[in-house]
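Every read-out reported here was derived from the displayed coordinates using simple, explicitly stated rules and does not represent laboratory data. Computed from a predicted model, the values in this text were never measured in an experiment. Here the Cβ positions follow ideal geometry from the backbone for every residue, glycine too, while neighbour counts run over all protein chains shown.
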Amino acid sequence: MARKLLLCLLAAFAVILFAGCDNSNNGGVNQIVLHPNGGVGSIEPISFNVGEAVQIPYNEDEITREGYDFIIWNTKNDGTGKDYGRMGYLDEDERGTINLYAQWYKHYDMGDLGPQGGRVFFSRIADLDEYFTEFPEWIYLEVAPSEYHIAGQWAITRVDIPGTKPDEGAGKVNTELIIEVHGEDCIAYQCKYPSVAGGEATDWYLPSRLELGYLFKNVFKHSGYATFELGLETPDSFLWSSTQGFISGDQYPTGHAAVFRFVDGQVYNQNNYQNKESSYFARPVRQF
């Protein structure tokens, strides 16, 4: 009986002893293993000591996938695990074998047909040289095909819409801000609920000022795709953006909104704003 009790105590002591051991000091392997996950090529596993700063590889061209761009690393091959960005750092308490899987996104060139039949005109990778700390909600912008060409007033009144921005990707939020105030009585509503979609909500929106600039620079200026190829004449007029003018009393007050002239790219030093009650063209865009 005493012998059994002694054996049980020794076994319990062993469990406690080994549970408290750090596998960086007991012969365990601490390493990052990088998987192509549909790509080709390889990067050597990276050994590390627990508690030290370990940088994740950038993956310049060591692992590639034809027709795709490398975006980020993830601890699950389907992207449902933890994201690790290029040149990010492993958590200091990580240990053992850390498997990271390359995450990819289909590559598009400027002017390519997008998923909804429009033309791709902006890439966060190509235009901004951006890399990510988490998998992004969107990478590309696509401009709607010609049947979505719209004309009308920015709004029927010149009421202030606080919060609209000129940046890439801002047009989607701008559109919601405008509709929240004006409802159906605005060009932004027509872009989100185009008649060709049966009046149903879509993910198209009225582009921001800089989004229109990229549309001209990346697609129209070189190929004329901004006429959107189905026989439509280039409008000898302005296209509305979703970017409102500046604070009242400035040179371009809030009763105005930014426009872009697609005949020659004229934006008057990036500060061309027109009365919101004027009628001009608009072309929806979307993120994907």
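Ratio of Rg to Rh for segment 72-166: 1.15 [Cα atoms; Kirkwood radius as inverse mean 1/r over pairs]. Protection proxy ranking for 34-42, 94-102, using the average of other Cβ atoms within 10 Å per residue and placing the highest first: 94-102, 34-42. Around the amide H of Glu134, modelled in the peptide plane, lies no amide H under 5 Å away from a residue 5 or more places distant or on another chain.
Once the other residues with Cβ under 9 Å from the Cβ of His256 are scored (Lys, Arg +1; Asp, Glu -1), what is the net sum? Local charge sum for His256: +2. Here's how it looks for Thr254: its modeled amide H is under 5 Å from those of Ser248, Gly249, which are all 5 or more places away or on a different chain.
Amide H contacts of Thr243: Arg209, Ala258, each under 5 Å away and 5 or more positions distant or on a separate chain (H built 1.01 Å from N in the peptide plane; Pro and chain starts excluded).
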